[in-house]
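Only the coordinates and a few stated rules stand behind these numbers; no lab work does. Since we're looking at a predicted model, the values are computed, not measured. Neighbour counts run over all protein chains shown; Cβ positions are idealised from the backbone, glycine included.
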Amino acid sequence: MAIPQRKTDVGPPHYKQFLPPVIQKNYGKWKYHEVINPGTMVHVGESGDKLWTVRVASPRILATDTIREQCDIAEKYCDGYLRYTTRNNVEFLVSDEKKLEPLKKELTAKGFKMGGIGYGITNVVHTQGWVHCHGACTDASGLVKAMMDELYEYFDSKRLPNKVRLAVACCVNMCGAVHCSDIAVVAVHTKVPQINHETFKNMCELPTVIGSCPTRAISPDPAKKSIKINAEKCMYCGNCFTVCPPISIKDPERDGVAIVVGGKINSLRTNPKFSKLVIPYISNVPPRWPKVVAAIKHIVEVYAKNAKKHERIGEWIERIGWERFFSLANIDFTFQSIDDFTFMRDTMRTASTFKWS
Amino acid sequence: MAGKKYNTPLIDDLEKGPWPSFVTEMKKAAKKSEMSNDALGHLEKCYATKKGYWKHGGIVGVLGYGGGVIGRYSELGDEFPGVAHFHTVRINQPSAFFYTGKALKEICDIWDKYGSGLTNVHGSTGDLVLLGTKTEHLENIFAEYSSRGWDLGGSGSALRTPSCCVGPARCEWSNYDTLDLTYNLTQEFQDELHRPSFSYKFKIKSSGCACDCVAALARADLSIIGTWKGDIKIDQAEVKNYAKTMDIKAEIVDMCPTQCISYDGKEMKINNKECSRCMHCITKMTKALRPSGERGATLCMGSKAPIVVGSLLSWVIVPFIKLEAPYTELKDLLRKIWDWWDENGKPRERIGEVIEIKGMRSFLEAIGVAPQPQQVKEPRKDPFMFYTDEDMAGFKAKEAEEKKTGKYKF
């Protein structure tokens with residue numbers, strides 16, 4: 001078949017053609033919504049119209065055949081309309097209550113997993129990892145799969161004091177909002193990069209490479225027409241590697257992950273917060289990273305046991321104090337948890353009023 | 001597909017368990033595509049050796065665009081020829097990720113014809129991501145999609161594909177039309193999106209309220225957070241209903257950050273002047289409480305992930321702006337913002353970092369926004385400040401005025 005004539009700068013299609021009629025009618029006129037169970041909620045319009053949403057988990061990497069299967073279900077029960085969430089779930093939208101139970105029945109029969117709404121754990125925001133990224137120090141999809149298998153009950157049934165937002169970043173570049181999550185896994189390099197001086201001079205721009213370093217660890221090496229890296233200053237961020245391929249930073253035995261906790265995005269009750277480092281290093285153990293999964297489950301359980309209703313992890317920790325968090329969770333406090341980059345002034349304690357544990 | 005059958009015991013383990021498996025998805029795609037089949041073998045090798053094998057992205061794309069396609073090559077092209085080229089194509093998603101089955105199936109059909117059949121629905125920024133195709137297919141892919149009304153998203157040092165929360169389409173809390181604003185800005189700034197001309201990436205994300213369901217405040221250079229100026233209206237009958245199942249004092253009154261709510265067991269009162277519009281009470285008592293009065297948004301700027309000099313959350317720049325089509329005020333402001341960034345930013349400096357280096361004053365003056373206490377958590381703590389001649393003239397003029405009136409004006 002002939003290739004059609006290309007067009008440029010058309011932009012995305014107008015969203016209105018993808019909105020179900022009940023949404024077009026009640027657009028901007030929704031009155032309230034109720035969470036019926038972790039997989040279902042209903043929105044009620046000022047008109048009295050109701051719209052049920054059934055949320056279904058997704059591994060984010062989808063084969064076209066799975067998308068087609070989702071479309072078939074939408075065509076059968078939702079007049080063809082469906083949407084996705086910012087956390088990669090699929091949402092089936094039903095305006096006729098009679099279709100709700102048959103829809104759920106078919107989703108269950110086809111192996112789709114419903115859940116993720118309300119005070120539990122929903123899908124994990126994550127990056128490409130070994131599946132498709134050049135800078136990855138771990139595999140994000142595998143970690144997410146291993147974590148969610150273990151935490152699955154919080155997706156489909158078990159409830160928590162508030163939602164717990166999880167994220168995985170396969171390097172410190174942190175594509176996605178990983179740095180403001182309740183619990184996030186951040187993969188780290190831990191070794192000073194190696195430089196291939198032979199190819200450096202042909203492939204890299206000296207000022208760009210020097211300028212890429214946030215700690216000013218890179219200086220010129222005129223004799224080699226290359227660069228030197230000061231090992232005492234390098235924090236292994238990998239930014240030099242990103243701008244200059246002859247620099248290599250991957251190291252299978254040293255690459256691993258760190259765990260940060262207590263971040264949030266919304267402004268409910270308290271302001272948005274960054275996640276803070278509590279576990280500095282766990283080795284990569286594919287395919288299931290058992291220690292990482294155990295650490296996350298442990299933190300979720302300590303939070304579930306100790307937080308007040310509506311407190312997010314960060315809010316709970318701020319109320320009890322970080323020193324109490326480390327003792328409650330029985331986590332070793334290490335040098336890595338003391339900021340020696342840009343936030344030291346903000347994060348050191350300046351009063352003698354702390355708890356002993 | 002008559003491809004090589006790889007032995008993949010490590011990633012096979014990730015097909016077990018209740019959570020949907022990405023490995024199962026890759027295997028589904030591998031049945032139809034040699035590329036996806038090799039991607040499976042390639043990934044197993046990563047798992048076995050604990051190392052990635054993708055090379056830095058090369059410069060590939062479609063004619064007339066500088067972005068939208070991310071080049072990806074494997075170091076192991078000889079061993080896994082199907083992933084020797086494995087480029088990503090970003091398709092600009094419709095506002096709030098709504099689709100019809102018909103449209104999505106068409107996207108899938110085209111992708112199966114030219115690519116691996118693997119996707120991300122969606123990528124972190126918001127695009128519908130098509131994972132894995134070869135350089136020679138890119139023009140055909142673009143012609144097929146663009147002729148059907150789909151366009152590429154942003155990549156590189158350009159405006160990245162704007163994205164938004166579900167907004168008024170299915171949420172009672174949205175204070176402006178996030179879908180329309182996102183569509184409108186995306187159309188207005190097609191050139192900035194497709195032809196990288198910035199110092200680095202620039203992200204715009206729109207959330208309808210302080211719940212910020214697109215995480216705008218943490219990852220968008222321009223974070224647009226919906227808010228309102230009027231009172232929170234209270235339906236006392238619904239408050240009574242909530243009281244049957246909720247400890248209103250503990251869960252609402254005591255958790256209000258400004259302590260502006262009172263409840264005597266019968267009636268709820270809100271001292272709206274003290275309210276900071278955090279959304280806690282409204283989200284917990286959505287049937288009883290709703291904002292009223294003027295709607296719009298707070299514009300915040302500068303957030304980003306840690307690379308290069310540490311993560312930032314966006315800073316309040318414009319405390320309140322009305323957001324109604326055609327959004328002229330916002331667009332004019334954006335152009336001024338980009339002009340200042342263009343003048344002052346070095347390559348790979350996000351605007352938040354440039355604001356830090358050049359100073360907030362330089363930025364605010366350039367875009368014509370006055371200093372306001374809403375922009376800061378607290379005023380500066382150190383005494384090292386700049387005084388321009390104009391500043392001094394202003395202070396002196398004020399004192400001269402005081403001499404005339406006999407009244408101090410601080």
Quiz prompt | For the range A:245-357, convex hull volume per residue from C-alpha positions, Å³ | solution = 162 Å³
Self-check item: Candidates per GluC sites (Glu not before Pro) in the range A:251-357, loop by DSSP, up to 14 other Cβ within 10 Å
Solution: A:E253
Practice problem: Would you mind ranking B:S197, B:S174 so that the residue whose beta carbon has the fewest other beta carbons within 10 Å leads the list? | Solution: B:S197, B:S174
Quiz item: Using only helices, what value at 222 nm comes out for chain B when you add -39,500 (n - 2.57) per DSSP H run of length 4 or more and divide by the total residues, to the nearest 500 deg cm²/dmol?
Solution: -10000 deg cm²/dmol
Self-check item: Unsatisfied cross-links (Cα-Cα over 28 Å) in the set A:K228/B:K381; A:K305/B:K377; B:K205/B:K269; B:K5/B:K50; B:K229/B:K284; A:K250/B:K201
Solution: A:K228/B:K381; A:K305/B:K377; B:K205/B:K269
Exercise. Could you work out, residue by residue across B:269-279, how many beta carbons of other chains sit within 10 Å of that residue's beta carbon, and then give the average as an integer?
Key: 1
Self-check item: Positive-end residue of A:Y32, B:S95, B:M26, charge dipole of the protein assembly as shown with Cβ unit charges
Solution: A:Y32
Exercise. Have a look at the range B:9-147 and give its Rg and Dmax from the Cα atoms, expressed in angstrom.
Key: 15.3, 46
Quiz item: Anyone know which of B:T178, B:T286, B:T245 comes out most mobile in the 10 Å Cα GNM of chain B?
Solution: B:T245
Self-check item: Three-way shape call for the protein assembly as shown based on the alpha-carbon gyration tensor, with the a/c threshold at 1.5
Solution: rounded
Practice problem: Take peptide A:253-266, look around each residue's Cβ out to 10 angstrom, count Cβ atoms belonging to other protein chains, and average those counts. | Solution: 3
Quiz item: Helix A:100-109: angle to the longest alpha-carbon principal axis of chain A, degrees 0 to 90, nearest 10?
Solution: 50 degrees
Quiz item: How large is the helix-only mean residue ellipticity at 222 nm for chain A, computed as the sum of -39500 (n - 2.57) over DSSP H runs with n ≥ 4, divided by its residue count, in deg cm²/dmol to the nearest 500?
Solution: -8000 deg cm²/dmol
Quiz item: Over chain B, what is the mean sequence separation of C-alpha contacts under 8 Å (at least six apart), divided by residue count, expressed as relative contact order in percent?
Solution: 10 percent
Exercise. Report, in debye and to the nearest 20, how large the dipole of chain A comes out about its Cα centre when Lys and Arg carry +1 and Asp and Glu carry -1 on their Cβ.
Key: 540 debye
Quiz item: With the radius of gyration and the Kirkwood radius both derived from the Cα set of the range B:70-186, what is their ratio Rg to Rh?
Solution: 1.03
Practice problem: Mind sorting B:C260, A:C175 by how few other Cβ atoms lie within 10 Å of their own Cβ, fewest first? | Solution: B:C260, A:C175
Exercise. Pop a pseudo-label 7 angstrom from the Cα along the beta-carbon direction at both B:K398 and B:A250 and give the gap in nm to one decimal.
Key: 4.9 nm
Quiz item: Per the Cauchy relation, a quarter of the hull surface: what is the mean projected area of the convex hull of the alpha carbons in chain A, in nm²?
Solution: 24.2 nm²
Practice problem: Could you work out, residue by residue across B:145-152, how many beta carbons of other chains sit within 10 Å of that residue's beta carbon, and then give the average as an integer? | Solution: 6
Quiz item: How big, on average over all directions, is the shadow cast by the Cα convex hull of the range A:15-109, in nm²?
Solution: 6.4 nm²
Quiz item: Put a dot 7 Å past each Cα toward the Cβ at A:A109 and B:N271; how far apart are the dots in nm?
Solution: 6.0 nm
Exercise. With N denoting the number of residues in chain B, provide Rg(C-alpha) divided by 2.2 N^0.38 Å, to two decimal places.
Key: 1.21
Exercise. Based on other C-beta atoms within 10 Å, arrange A:R83, B:R277, A:R345 from fewest to most.
Key: A:R345, B:R277, A:R83
Quiz item: Taking the radius of gyration and the Kirkwood hydrodynamic radius from Cα positions alone, what is the Rg/Rh ratio for the range B:232-291, to two decimal places?
Solution: 0.90
Quiz item: Using Cα atoms only, what is the angle between the long axis of helix A:140-156 and the major principal axis of chain A, expressed in degrees (0 to 90) to the nearest 10?
Solution: 40 degrees
Quiz item: How much length is gained if the chain between A:K308 and A:E101 is pulled fully straight, taking 0.36 nm per residue apart and subtracting their Cα-Cα distance, in nm to one decimal?
Solution: 71.1 nm
Quiz prompt | Listed peptides A:132-140, A:274-282, B:109-117 by packing density, highest first (mean Cβ within 10 Å) | solution = A:132-140, B:109-117, A:274-282
Practice problem: Work out the FRET efficiency for A:A231 and A:T347 from their Cβ-Cβ distance, taking R0 = 22 Å, and round it to the nearest 0.05. | Solution: 0.30
